[in-house]
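Below is one structure, written out as structure tokens; the observations come after it.
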Amino acid sequence: MITVIYFWEVQGFGAARAFTRMALDRAALRKDPAISFFKLLGTGKGETFTPKDANPRRWGLLVTLREEDLENFDHGTVTNSWRKFAVSEYRAVLKPISSHGAWSMREPFIVEQFAWDGPIAAITRARIKWRFNRTFWRAVPSVTSSLHSSPGLRHAIGIGEAPIGLQGTFSIWNSASDLRNFAYKGAAHTAAIQQTEKLGWYAEELFARFAIIEESGSL
């Protein structure tokens, strides 16, 4: 199995067409026997993780599927429908290095052991308990400030399945060590981890790291 993530940028009336695609594509993706997991994603700046953070000009799709079916999917109905009105596309083929937690009560990524010293992608995703939304939002600014100033970070954007309560990030790092330094040595992120353990503000969470096998376009 392999994972591929797309981000499309749209302009003008493209935002309305993107909303339509978010509704229509679910059925086609569910019916595809090659796909084991998928998520249609909205995006944001990844600064506050509140509705005001949302970016209606960029939309995403994450798919885990059989590696031999990637080329067909890449040129299939779903992706081509987005390309008809998108002004740009970012695409990355990802191979999971590690994955902890669950997404929609599933383990979406199949991890294989292999050596990798190239660039790393990371996905974090959490379903926040409603009563902790405000507490979570108050903790976000210091963590995002630390993230965006971290050595080795190439890109970081917010991702989510809904404007509130289902939050995540997609980030790209020069190396695994750069990501580890942020995750486990940064004061703000370490404090957030301690708060998470103390308060239990997530109903579900996932952290996954990937080798970037192919990459095209820009975020």
Study note, to complete from the structure: Flagged in segment 74-94 as closer than 15 Å to Ala34 by Cβ and among the acidic types (Asp, Glu), in numbering order, are Asp74
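Residue by residue, here is whether (1) at pLDDT 95 or above; (2) within 12 Å of Thr3 (Cβ to Cβ); (3) surrounded by fewer than 20 Cβ atoms within 10 Å (Cβ to Cβ) holds:
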position	(1), (2), (3)
Lys52	no, no, yes
Pro56	no, no, yes
Val63	yes, yes, no
Glu68	yes, no, yes
Glu71	yes, no, yes
Arg83	yes, no, yes
Leu94	yes, yes, no
Practice item. Tell me which residues, restricted to segment 113-131, are out of contact with any Leu (no Cβ under 9 Å at 6 or more places or on another chain) and within 20 Å of Trp173 (Cα to Cα). Key: Gln113, Phe114, Ala115, Trp116, Asp117, Gly118, Pro119
Revision key, fill the gap. Requiring at least 3 residues that are modelled with pLDDT of 90 or more and farther than 21 Å from Pro56 by Cα, the strands (runs of 3 or more DSSP E) wholly within segment 113-183 are 120-128
Check your understanding: Within segment 184-219, restricting attention to residues that are among the polar types (S, T, N, Q) and modelled with pLDDT under 85, which residue is nearest to Ile97 (Cα to Cα)?
Key -> Thr190
**Study point:** Qualifying residue in segment 23-45 (condition: without any contact (Cβ under 8 Å) to a residue 40 or more places away in the chain, assigned to a strand (DSSP E or B) and among the hydrophobic types (A, V, I, L, M, F, W, C))
**Key:** yes
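Listed here are the residues, each with its yes/no results for (1) touching a strand residue (DSSP E or B) at 6+ places or on another chain (Cβ under 7 Å); (2) of a type in the set (Phe, Trp, Tyr); (3) free of Cβ contacts under 8 Å to residues at least 40 places away in the same chain.
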site: Arg57; (1), (2), (3): yes, no, no
site: Thr64; (1), (2), (3): yes, no, no
site: Glu67; (1), (2), (3): yes, no, no
site: Asn72; (1), (2), (3): no, no, yes
site: Val78; (1), (2), (3): no, no, no
site: Tyr90; (1), (2), (3): yes, yes, no
site: Leu94; (1), (2), (3): yes, no, no
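Restricting to segment 1-22, name every residue that is in a strand (DSSP E or B), in contact with a helix residue (DSSP H, G or I) (Cβ under 8 Å, 6 or more places away or on another chain) and among the β-branched types (Val, Ile, Thr). Explain how you work it out, then say what you get.
Pass one, segment 1-22, residues in a strand (DSSP E or B): 2-9.
Filter once more, keeping what is in contact with a helix residue (DSSP H, G or I) (Cβ under 8 Å, 6 or more places away or on another chain): 2, 4, 6, 8.
Selection gives Ile2, Val4.
Hey, can you tell me all the residues within segment 96-112 that are surrounded by 14 or more Cβ atoms within 10 Å (Cβ to Cβ) and not in a strand (DSSP E or B)?
As a first pass, look at segment 96-112 and keep what is surrounded by 14 or more Cβ atoms within 10 Å (Cβ to Cβ): 96-97, 99, 101-103, 107-111.
Correct list: Ala102, Glu107, Pro108, Phe109, Ile110, Val111.
The values are calculated or read from the model by the stated rules, or taken from the named source; none is laboratory data. Keep in mind that this is a model prediction, so the values were computed, not measured. Positions of Cβ are generated from backbone atoms using ideal geometry, with glycine treated the same way; all protein chains shown enter the neighbour counts.
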